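The values are calculated or read from the model by the stated rules, or taken from the named source; none is laboratory data. Since the model is a prediction, treat every value here as computed from it, not as a measurement. All Cβ positions, even for glycine, are placed from backbone atoms using ideal geometry, and neighbour counts span all protein chains on display. Side chains included, ligands, DNA and RNA excluded: accessible areas come from the protein's heavy atoms. Shrake-Rupley method; radii C 1.70, N 1.55, O 1.52, S 1.80 Å.
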Amino acid sequence: MIARVTLELALRKEFDYLIPDELDGQVDLGSRVQVPFGSRKVLGCVTGMAEESGHSKLRPILKVLGEQTLVTPNILKLARWLADYYCCPPEIALKSVLPEAVRHEQAGWREHLYVRALPLSGDLPKLPKRQKEIFHIIEERREMRLKELLELAETTASTIRRLEDKGLVTISAGISERDPFANEHFLPTQPLPLSDAQAKALAAIIGTESKIQNPKFTMDQKADGDIPAASDQNSRGTEQASPVFLLHGVTGSGKTEVYLQAIAHTLEQGKGAIVLVPEISLTPQTVERFKARFSSGPLQTLVAVLHSNLSAGERHDEWHKIRKGRARIAIGARSAVFAPVEPLGLIIVDEEHEHTYKQEEAPRYHARDVAIVRGRMEKATVVLGSATPSLESYHNCTRGKYTLLEMPERADDKKMPHVRVVDMRQTLRRGTVIPIFSPQLKEAITQRLERKEQVILFLNRRGYSTSLQCPKCGYVAGCPNCSISLTYHRQDQLLRCHICAHTEPVPAICPNAKCRNPNIRYAGLGTQKVEETLAKVFPHARIKRMDSDALKRKDDFRRILSDFRVGKIDILLGTQMIAKGLHFPNVTLVGIIFADMALHQPDFRAGERTFQLLTQVSGRAGRGDIEGEVVVQAFTPFHPAIQFARRHDFRGFYDQEIESRAQLRYPPFSRVALLTLRGRNEEKVRFSADHLKRELEKILFPGAATLPPAPSHAVAEKRKEGFVFRPAVAGLGNQPPPPGEVILAGPAPAPLVRADTYYRYQLMLRVQRMPPLSQRLAKLTESLALPDDVRLSVDIDPMDLG
């Protein structure tokens with residue numbers, strides 16, 4: 001037999017290898033193997049089998065890694081789709097579906113020596129007092145690690161060996177699993193009574209599992225544009241391979257309880273489940289609730305955790321628990337979508353709107369969209385949950401592609417928090433300095449502290465000050481590698497770049513040689529400055545800051561949340577990691593320092609993200625018996641995103657925003673491909689971008705070769721004589737682009753033109769159907785001639801245009 005192997009080298013092709021007799025029966029689709037390649041030994045994955053090869057003198061596979069295939073057939077099919085749709089080499093897609101700790105040849109189980117008590121055939125023989133005491137410890141435990149026994153009994157290994165010589169115990173090697181929650185104790189919980197809305201949503205979800213009608217999913221369907229992705233608008237029919245539900249429930253409506261009971265039904269059917277959370281910071285609290293529910297009872301099962309904050313050994317062991325079928329529930333961030341759960345019955349994507357589900361490096365997949373594709377391939381139900389759904393997902397519901405399940409009220413009839421918007425322009429008129437806390441927010445914090453209630457303050461900017469400026473000459477301390485200013489971190493007394501991590505000491509005088517002014521100033525603010533001001537204004541309050549600068553150790557996040565839960569912290573200040581998914585009944589006030597900080601970024605999703613963030617942060621208040629209050633400080637208080645968030649009106653925001661997207665033909669009315677060129681020489685990058693545009697015009701608009709050059713922002717329209725260009729302007733209509741139309745924008749400098757010493761230029765393509773464009777872009781990237789020091793990246797369905 002011949003094995004076709006995809007190597008861990010960016011070659012975009014399979015290589016044929018002979019399966020030697022000694023490995024007969026060990027090599028299968030998805031096997032990880034070591035093979036010779038030239039003078040090297042490289043690792044790869046078996047992606048095909050054949051009886052014959054077009055090549056002679058095939059070299060044999062050297063060895064097989066692992067006891068069983070690591071890439072299951074379903075995951076292999078998903079990896080192929082990933083490579084085709086996201087325009088990346090197959091080997092890169094295959095690497096992404098396996099954690100590095102599992103792929104690595106040396107990765108393995110941790111072994112320790114264990115001491116086990118042997119059954120006695122009669123009375124205990126006479127032993128010295130010390131040996132007798134040690135034996136009774138072993139007999140009571142039955143089995144324990146040798147190292148643990150030595151510490152507990154304060155003895156030596158030679159003493160234990162004497163007991164072994166007498167036939168009382170045995171010492172042998174055994175696997176010691178690395179459990180990230182080994183020291184945690186979870187109290188079992190029972191299913192909670194459901195509200196009418198929860199019960200209706202659960203009935204819809206579990207009522208479909210036995211009714212799924214699954215047309216065969218093929219790569220031809222994908223090529224024709226039938227992609228079951230959240231942003232897809234191109235399905236040719238209403239029949240779906242598996243149901244996709246959008247669970248739209250306000251914050252505190254009890255979505256997690258619906259998830260838990262839906263998973264319980266899945267386990268009863270003999271299937272497993274995957275739960276995706278958008279950030280590592282949400283995982284501990286999510287894992288706690290799931291382990292507590294499924295740690296005992298008839299549906300008892302292991303709950304495995306997969307995310308990058310685990311050690312390599314923990315990731316290895318958690319992944320293999322799933323692969324061996326011992327853990328039937330996998331919870332984690334975006335990479336957990338590839339967990340080898342078999343058979344798979346349910347995928348839950350919590351907070352489906354979050355941009356952190358998008359991978360920043362190749363393959364630049366979106367975990368929500370991959371979850372929907374995997375659900376279709378494996379006949380699994382997919383549930384997307386959010387209080388603020390993405391416009392793409394909600395639009396798919398209005399078109400009947402997804403089923404909308406709504407939970408418009410909080411559980412236990414708790415009220416939504418009252419939201420007050422404070423116009424910071426009014427406070428600015430009273431003085432020359434912008435205050436951090438408005439009088440309204442300061443008074444609200446004082447009242448909560450007097451009543452022994454808790455407060456969450458949100459500012460999505462870390463550091464102390466956003467820039468260092470000289471008021472005399474206008475000098476601003478900038479990063480030498482990026483086109484942004486350096487942020488002042490007072491705790492470390494450093495100027496730091498949040499893009500490339502460059503640091504500089506804080507100058508005592510203006511660095512400008514012609515100025516040397518000693519009165520340099522710090523402008524703007526971050527969480528460090530707010531923390532310092534809080535300590536001065538509220539000296540008796542117990543304050544804790546939570547951002548990436550404050551969390552230095554692995555368990556800091558869990559420890560701070562635990563302290564906040566038990567009331568050891570009065571005011572919790574943080575960035576977006578405290579904005580969602582957290583449940584603290586004693587929090588009655590949420591303060592948002594500057595709500596419009598991200599509102600005016602050069603991104604068509606800026607308003608949507610601001611609305612989502614404000615709504616999510618506001619949802620942390622009033623989850624207990626006391627009604628919550630939210631104080632929103634803003635300099636543009638009447639912006640629609642802020643006003644709709646104040647009224648908790650998602651549908652109103654959607655109706656307004658979708659009209660704007662339709663006029664400009666942005667998603668969900670088109671699909672976007674963002675092409676970015678980067679290099680250290682700006683002239684080379686600009687020249688390469690112009691060259692790329694000409695090459696794109698050749699493959700996208702072949703009939704336009706004899707026409708005048710197209711404008712930098714143009715639309716190609718297919719007619720009898722070929723393709724012609726016309727300017728792309730606002731108001732092109734509220735329908736998706738026709739199938740034969742491509743909107744091309746650029747080349748232009750990226751919003752952040754220089755990052756980490758690289759200049760960046762971009763081109764944006766908008767189409768109705770992405771798969772045909774992905775295929776053409778893949779061919780173009782293989783053949784495109786660029787300078788050696790210029791790199792091209794292709795981002796399909798980008799979430800960030802920066």
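Yes or no, residue by residue, for (1) over 20 Å from residue 615 (Cβ atoms); (2) surrounded by fewer than 24 Cβ atoms within 10 Å (Cβ to Cβ); (3) modelled with pLDDT of 90 or more:
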position: 319; (1), (2), (3): yes, no, no
position: 345; (1), (2), (3): yes, no, yes
position: 364; (1), (2), (3): yes, yes, yes
position: 368; (1), (2), (3): no, no, yes
position: 378; (1), (2), (3): yes, yes, yes
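Restricting to region 150-163, give me the number of residues that are without any contact (Cβ under 8 Å) to a residue 24 or more places away in the chain and open to solvent by less than 50 Å² (accessible area, probe 1.4 Å). Write out each step before concluding.
Looking only at region 150-163, we keep the residues that are without any contact (Cβ under 8 Å) to a residue 24 or more places away in the chain, and these are 150-154, 156-158, 161.
Still in the list and also open to solvent by less than 50 Å² (accessible area, probe 1.4 Å): 150, 153, 157.
So the count comes out to 3.
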Only one of 64, 97 is touching a residue at least 60 places away in the same chain (Cβ under 8 Å) and among the β-branched types (Val, Ile, Thr); which?
-> 97
Taking only pairs six or more apart or across chains, which ones have beta-carbon atoms under 7 Å, a first residue in region 481-506 that is closer than 21 Å to residue 531 by Cβ and assigned to a loop (DSSP other than H, G, I, E, B), and a second residue that is of a type in the set (S, T, N, Q) and open to solvent by 50 Å² or more (accessible area, probe 1.4 Å)?
-> 506/493
Count, please, the residues in region 1-32 that happen to be among the β-branched types (Val, Ile, Thr), assigned to a strand (DSSP E or B) and free of Cβ contacts under 8 Å to residues at least 40 places away in the same chain.
-> 0
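Return the only residue of 604, 584 being part of a loop (DSSP other than H, G, I, E, B), at pLDDT below 85, of a type in the set (Phe, Trp, Tyr) and within 30 Å of residue 391 (Cα to Cα). Please lay out each step first, then the result.
On the way: 604 fails: at pLDDT below 85.
Exactly one residue qualifies, and that residue is 584.
May I ask you to list the residues in region 567-581 that are closer than 18 Å to residue 626 by Cα and assigned to a loop (DSSP other than H, G, I, E, B)? Spell out the reasoning first.
Initial filter on region 567-581 (closer than 18 Å to residue 626 by Cα): 567, 570-571.
Hits for region 567-581 are 567, 570.
So which of 311, 335 ends up being open to solvent by 40 Å² or more (accessible area, probe 1.4 Å), at pLDDT below 85 and of a type in the set (S, T, N, Q)?
Values: 335 fails: at pLDDT below 85.
Result: 311 is the single residue among 311, 335 that is open to solvent by 40 Å² or more (accessible area, probe 1.4 Å), at pLDDT below 85 and of a type in the set (S, T, N, Q).
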Scope region 481-498; condition surrounded by fewer than 16 Cβ atoms within 10 Å (Cβ to Cβ) and within 30 Å of residue 615 (Cα to Cα); matching residues | none
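Given the criterion assigned to a strand (DSSP E or B), at pLDDT 85 or above and open to solvent by less than 70 Å² (accessible area, probe 1.4 Å), identify the matching residue among 71, 35.
Details: 71 fails: assigned to a strand (DSSP E or B).
When all the criteria are applied, what remains is 35.
Take the residues in region 618-649 that are at pLDDT below 85 and open to solvent by less than 20 Å² (accessible area, probe 1.4 Å); name whichever of them is farthest from residue 418 (Cα to Cα).
The first filter runs over region 618-649 and keeps only residues at pLDDT below 85, leaving 618-627.
Okay, now just the ones that are also open to solvent by less than 20 Å² (accessible area, probe 1.4 Å), so 618-622, 624.
Numbers: 618: 9, 619: 10, 620: 12, 621: 9, 622: 9, 624: 14 Å.
Among residues in region 618-649 that are at pLDDT below 85 and open to solvent by less than 20 Å² (accessible area, probe 1.4 Å), the one farthest from residue 418 (Cα to Cα) is 624.
Being more than 25 Å from residue 619 (Cβ to Cβ) and not hydroxyl-bearing (Ser, Thr, Tyr), is that true of even one residue in region 274-290? Before you say what the answer is, go through the steps one by one.
If we filter region 274-290 for residues that are more than 25 Å from residue 619 (Cβ to Cβ), which is where we start, we get none.
Scanning region 274-290, I find no residue that is more than 25 Å from residue 619 (Cβ to Cβ) and not hydroxyl-bearing (Ser, Thr, Tyr), so the answer is no.
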Among the numbered criteria (1) among the polar types (S, T, N, Q); (2) in a helix (DSSP H, G or I); (3) under 20 Å from residue 654 (Cβ atoms), which single criterion is violated by residue 388?
-> (2)
Does region 720-738 contain at least one residue that is of a type in the set (Val, Ile, Thr), at pLDDT below 70 and open to solvent by 20 Å² or more (accessible area, probe 1.4 Å)?
-> yes
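If I go through region 676-703 residue by residue, how many of them are within 22 Å of residue 481 (Cα to Cα) and aliphatic (A, V, I, L, M)? It would help to see each step written out before you state the result.
Filtering region 676-703 for residues within 22 Å of residue 481 (Cα to Cα) gives 676-689.
Restricting the remaining residues to those that are aliphatic (A, V, I, L, M) gives 677, 685, 689.
The qualifying residues number 3.
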Count of residues meeting criterion [free of Cβ contacts under 8 Å to residues at least 40 places away in the same chain and over 21 Å from residue 560 (Cα atoms)] in region 507-542 = 8
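Yes/no per residue for (1) part of a helix (DSSP H, G or I); (2) within 30 Å of residue 8 (Cα to Cα); (3) hydrophobic (A, V, I, L, M, F, W, C):
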{"site": "88", "(1), (2), (3)": "no, yes, yes"}
{"site": "95", "(1), (2), (3)": "yes, yes, no"}
{"site": "102", "(1), (2), (3)": "yes, yes, yes"}
{"site": "113", "(1), (2), (3)": "no, no, yes"}
{"site": "121", "(1), (2), (3)": "no, no, no"}
{"site": "130", "(1), (2), (3)": "yes, no, no"}
{"site": "135", "(1), (2), (3)": "yes, no, yes"}
{"site": "149", "(1), (2), (3)": "yes, no, yes"}
{"site": "171", "(1), (2), (3)": "no, no, yes"}
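Going by the structure shown, is residue 573 open to solvent by 10 Å² or more (accessible area, probe 1.4 Å) and among the aliphatic types (A, V, I, L, M)? Let's see the steps before the verdict.
On the way: open to solvent by 10 Å² or more (accessible area, probe 1.4 Å): no; among the aliphatic types (A, V, I, L, M): yes.
No.
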How many residues does region 508-542 hold that are of a type in the set (A, V, I, L, M), modelled with pLDDT of 85 or more, open to solvent by less than 40 Å² (accessible area, probe 1.4 Å) and within 16 Å of residue 436 (Cα to Cα)?
-> 2
Residues of region 468-480 satisfying the condition of being free of Cβ contacts under 8 Å to residues at least 24 places away in the same chain and surrounded by 18 or more Cβ atoms within 10 Å (Cβ to Cβ) | 479
Cβ-Cβ below 8 Å, separation at least six or inter-chain, first residue in region 447-467 and more than 11 Å from residue 527 (Cβ to Cβ) and in a strand (DSSP E or B), second among the acidic types (Asp, Glu) and open to solvent by 10 Å² or more (accessible area, probe 1.4 Å): which pairs?
-> 454/570; 455/570
Subset of region 267-300, residues buried (at least 18 other Cβ atoms within 10 Å of the Cβ) and hydroxyl-bearing (Ser, Thr, Tyr), comes to 281, 283, 286
Conditions: (1) farther than 17 Å from residue 381 by Cα; (2) at pLDDT below 70; (3) surrounded by 20 or more Cβ atoms within 10 Å (Cβ to Cβ). Residue 242 meets all but one. Number of the miss?
-> (1)
Looking at (1) open to solvent by 50 Å² or more (accessible area, probe 1.4 Å); (2) under 24 Å from residue 333 (Cβ atoms), find the lone condition where residue 41 falls short.
-> (2)
